[in-house]
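The values are calculated or read from the model by the stated rules, or taken from the named source; none is laboratory data. Predicted model only: the values in this text are computed from it and were never measured. No Cβ is skipped: glycine too gets one built from the backbone with ideal geometry, and neighbour counts run over all protein chains shown.
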Amino acid sequence: MSDGISSIARIRTQHNLQLGVEVFVVKFPQLGQVVAQLPEIPLRARLPGFEGLAEIITAQQVSKASATAIFERTRMAFSPFTAQQLLIRGEAPLIEAGQSRAKQVALLGLARAIVEEGLDLEGLCELPVDEAIAELTALKGIGPWSAEVFLLFCAGHTDIFPAGDVALQHVVGEICQLNSRPDAKQTRILAEQWAPLRGIAARIFYAHYAHIRGRSAI
């Protein structure tokens with residue numbers, strides 16, 4: 001493709017991200033000023049496997065600081081931190097690490113799907129986005145936000161937008177000059193204007209939110 005989009009099919013390195021941002025600014029120059037004001041746009045890449053998705057499940061509906069602390073305790077409770085070990089050890093280490101009951105169920109269900117049912121998370125990252133989301137959200141405890149964040153940061157997809165994320169909703173409302181924060185449905189519709197680079201937009205908006213709030217947004 002002549003617009004450079006094909007050369008950034010996945011965001012796996014800082015170079016991929018930089019190229020993606022450059023293409024985004026050319027395609028959507030009205031957001032160039034937002035990008036120019038950012039001190040950095042973090043890569044935030046995660047491994048496209050069990051650990052990456054487990055970290056995202058842990059981050060559901062809690063602050064970044066809490067999620068980081070809980071996940072670190074969870075990861076350290078297993079040696080190694082794998083789906084197999086999770087099934088062997090069971091829920092006790094998850095309880096001790098501070099995982100909620102719902103997240104215990106989600107993590108054990110994910111481990112069971114990998115070990116007993118052959119779920120291939122790395123292979124899933126290569127599927128079309130809609131198919132991958134359908135497979136992920138079929139698992140108990142994994143909703144659209146977790147699936148979309150996994151495909152954004154673990155798979156590196158460039159055209160996916162976690163519309164249920166409050167940080168992204170705030171930024172979309174600001175950029176679109178709305179009087180109030182849009183809900184997930186409205187945010188998803190508004191984000192269509194940044195296709196086929198919604199994944200780049202999401203990374204820029206997370207960085208913008210962190211910048212204006214003076215802290216990490218995800």
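A few notes on this one:
- Subset tally (residues that are assigned to a loop (DSSP other than H, G, I, E, B) and either under 19 Å from residue 144 (Cα atoms) or within 23 Å of the chain's Cα centre (by Cα) (or both)) for the stretch 80-117: 5
- Of the criteria (1) in a helix (DSSP H, G or I); (2) touching a Lys or Arg at 6+ places or on another chain (Cβ under 8 Å), which one residue 18 fails: (2)
- Matching residues, the stretch 173-187, being surrounded by 19 or more Cβ atoms within 10 Å (Cβ to Cβ) and under 17 Å from the mean Cα position of the chain (by Cα): 187
- Where residue 66 falls short, out of the listed (1) without any contact (Cβ under 8 Å) to a residue 60 or more places away in the chain; (2) in contact with a Leu (Cβ under 9 Å, 6 or more places away or on another chain); (3) outside any loop (DSSP other than H, G, I, E, B): (2)
- Screening residue 198 against (1) within 26 Å of residue 22 (Cβ to Cβ); (2) more than 13 Å from the chain's Cα centre (by Cα) leaves a single unmet condition, (2).
- When residues of the stretch 97-135 are limited to those that are closer than 22 Å to residue 66 by Cβ and not small (Gly, Ala, Ser), the one surrounded by the fewest Cβ atoms within 10 Å (Cβ to Cβ): 101
- Scanning the stretch 177-191 turns up no residue that is under 19 Å from residue 43 (Cβ atoms) and in a helix (DSSP H, G or I).
- Filter result for the condition that a residue is surrounded by fewer than 17 Cβ atoms within 10 Å (Cβ to Cβ) and within 30 Å of residue 204 (Cα to Cα), over 66, 79: 66
- Test: residue 63 is over 22 Å from residue 142 (Cα atoms), at pLDDT below 95 and assigned by TED's automatic domain parsing to the domain that holds residue 138: no
- Filter result for the condition that a residue is surrounded by fewer than 19 Cβ atoms within 10 Å (Cβ to Cβ), modelled with pLDDT under 90 and under 18 Å from residue 200 (Cβ atoms), over 36, 9: 9
- Any chance residue 147 is touching a helix residue (DSSP H, G or I) at 6+ places or on another chain (Cβ under 9 Å), of a type in the set (A, V, I, L, M), assigned to a helix (DSSP H, G or I) and surrounded by fewer than 21 Cβ atoms within 10 Å (Cβ to Cβ): no
- Flag set for residue 51, criterion: crowded, with 17+ Cβ neighbours inside 10 Å, acidic (Asp, Glu) and in a helix (DSSP H, G or I).
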